[in-house]
Amino acid sequence: MSKNPFPVVPTGMGATRQVQADHPDMMVVEFCFEKGASGAAHAHPHLQSTYVAAGRFEFTVGDKTSILEPGDCLVIPSNTTHGCVALEAGALIDTFTPRRDDFL
């Protein structure tokens, strides 16, 4: 297997993303956060799953807020406002369908 050809992209203070795999129908992206960094509230037409690879996160999806820890995952419906705050440094593995062309 070759080295990941996708760059690490800053997404805000203390946060980065890197595409791990992509296909027109699906994309896998790793997001890394320093403690206290956030993923600003946003919505998009893509169906998204999020898996916590490391750290602890406070997630808000719609009007529900939850604490997620390593091994936890959730599905974010299309066009639903969501965001997170890293309670500890950590990493998320997000899958989008279809692919997020804006990440390429």
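Which members of segment 1-34 meet the condition of being more than 15 Å from the chain's Cα centre (by Cα) and of a type outside the set (A, V, I, L, M, F, W, C)? Within segment 1-34, 2, 3, 4, 5, 7, 23, 24, 25 qualify. What pairs come out if I take residues in segment 67-91 that are touching a residue at least 12 places away in the same chain (Cβ under 8 Å) and under 18 Å from residue 17 (Cβ atoms) and pair them with residues that are assigned to a loop (DSSP other than H, G, I, E, B) and of a type in the set (A, V, I, L, M) whose C-beta lies under 8 Å away, six or more apart or interchain? That search, which allows pairs on different chains as well, returns 82/43; 85/37; 86/37.
Screening segment 68-81 for residues that are touching a Phe, Trp or Tyr at 6+ places or on another chain (Cβ under 7 Å) and under 16 Å from residue 47 (Cβ atoms) and picking the one that is surrounded by the fewest Cβ atoms within 10 Å (Cβ to Cβ) gives 73.
When the residues of segment 51-62 are narrowed to those that are closer than 23 Å to residue 102 by Cα and of a type in the set (Phe, Trp, Tyr), which ends up surrounded by the most Cβ atoms within 10 Å (Cβ to Cβ)? Once the filter is applied, the top-ranked residue is 59. When you check residue 54 against the structure, is it of a type in the set (A, V, I, L, M, F, W, C), closer than 20 Å to residue 20 by Cβ and touching a Lys or Arg at 6+ places or on another chain (Cβ under 8 Å), yes or no? Here the answer is no, as residue 54 does not meet what is asked. Checked against (1) open to solvent by 70 Å² or more (accessible area, probe 1.4 Å); (2) touching a strand residue (DSSP E or B) at 6+ places or on another chain (Cβ under 8 Å); (3) in a loop (DSSP other than H, G, I, E, B), residue 65 passes all but condition (3). Quick check, is residue 48 assigned to a strand (DSSP E or B), open to solvent by 50 Å² or more (accessible area, probe 1.4 Å) and either modelled with pLDDT of 95 or more or at positive phi (or both)? Answer is no for this residue.
The values are calculated or read from the model by the stated rules, or taken from the named source; none is laboratory data. Computed from a predicted model, the values in this text were never measured in an experiment. Positions of Cβ are generated from backbone atoms using ideal geometry, with glycine treated the same way; all protein chains shown enter the neighbour counts. Ligands, DNA and RNA are excluded from the accessible area calculation, which covers all protein heavy atoms including side chains. Shrake-Rupley method; radii C 1.70, N 1.55, O 1.52, S 1.80 Å.
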